[in-house]
Amino acid sequence: NKQKISELIHSKRIRLNMTQKELADAIGLSKYGERTIRRWESGETSPSKLEINAILNFPEITPFPNPTNSDYSMIDLFAGIGGTRLGFHQTKRTRCVFSSEWDKFAQKTYKANFGEHIVLGDINEIPLEEIPDCDILIGGFPCQPFSMMGQQKGFEDTRGTLFFRIAE
């Protein structure tokens with residue numbers, strides 16, 4: 001029974017695409033939660049009924065799935081966790097055909113929010129011919145080079161030139 005529980009916890013975590021720490025945080029374990037998950041998965045200890053229910057009942061359904069039919073196709077560049085895309089999604093008129101975000105933690109959250117879709121890394125490393133045509137292009141390119149809170153290097157900052165990549 002302990003073996004079965006450890007396998008259930010491990011397979012659930014893998015399906016959720018979470019690390020042990022991420023799962024521990026998601027179900028509200030203490031700061032030692034990562035170690036606790038590791039011990040449960042190895043069968044060293046067992047979770048309480050409340051803890052096993054919290055894990056097994058953790059939702060696996062994507063909250064904002066990409067529609068199969070839409071009026072417009074869109075591309076989401078510098079996507080972050082998908083805040084701008086969410087606004088378009090809520091219109092129920094757009095389908096995302098391509099998204100790009102370089103930060104691996106933002107990518108993980110984006111995938112949890114929107115499910116299976118194209119999330120590629122650094123836009124500068126993606127050949128233009130791999131980016132599909134679209135009706136709407138959204139891009140929340142980095143504002144730090146232009147912000148009063150930043151060093152205001154503008155186009156002299158590499159991040160400031162990403163605007164031109166969108167234009168390509």
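The values are calculated or read from the model by the stated rules, or taken from the named source; none is laboratory data. Not measured: the values here are computed from a predicted model. Every residue, glycine among them, receives a Cβ derived from its backbone with ideal geometry; neighbour counts consider all protein chains shown. Side chains included, ligands, DNA and RNA excluded: accessible areas come from the protein's heavy atoms. Shrake-Rupley method; radii C 1.70, N 1.55, O 1.52, S 1.80 Å.
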Practice prompt. For the range 65-87, indicate whether the set of residues that are modelled with pLDDT under 90 and within 30 Å of GLU7 (Cβ to Cβ) is non-empty.
Written response: no
Fill in: Residue in the range 37-57 that is under 30 Å from CYS134 (Cα atoms) and at pLDDT below 95 present
no
Worksheet item: Going through the range 69-113 one residue at a time, which ones are open to solvent by 20 Å² or more (accessible area, probe 1.4 Å), of a type in the set (Ser, Thr, Tyr) and either under 17 Å from the mean Cα position of the chain (by Cα) or under 29 Å from ARG13 (Cβ atoms) (or both)?
Response: THR84, THR109
Practice prompt. Kindly provide the set of residues from the range 28-63 that are of a type in the set (Val, Ile, Thr) and either surrounded by 18 or more Cβ atoms within 10 Å (Cβ to Cβ) or over 18 Å from the mean Cα position of the chain (by Cα) (or both), ordered by number.
Written response: THR36, ILE37, THR45, ILE52, ILE55
Worksheet entry | Close pairs from the range 77-102: first farther than 13 Å from GLY140 by Cα and of a type in the set (Ser, Thr, Tyr), partner open to solvent by less than 20 Å² (accessible area, probe 1.4 Å) and not in a loop (DSSP other than H, G, I, E, B), Cβ under 9 Å, at least 6 apart | THR94/MET74; THR94/ARG85
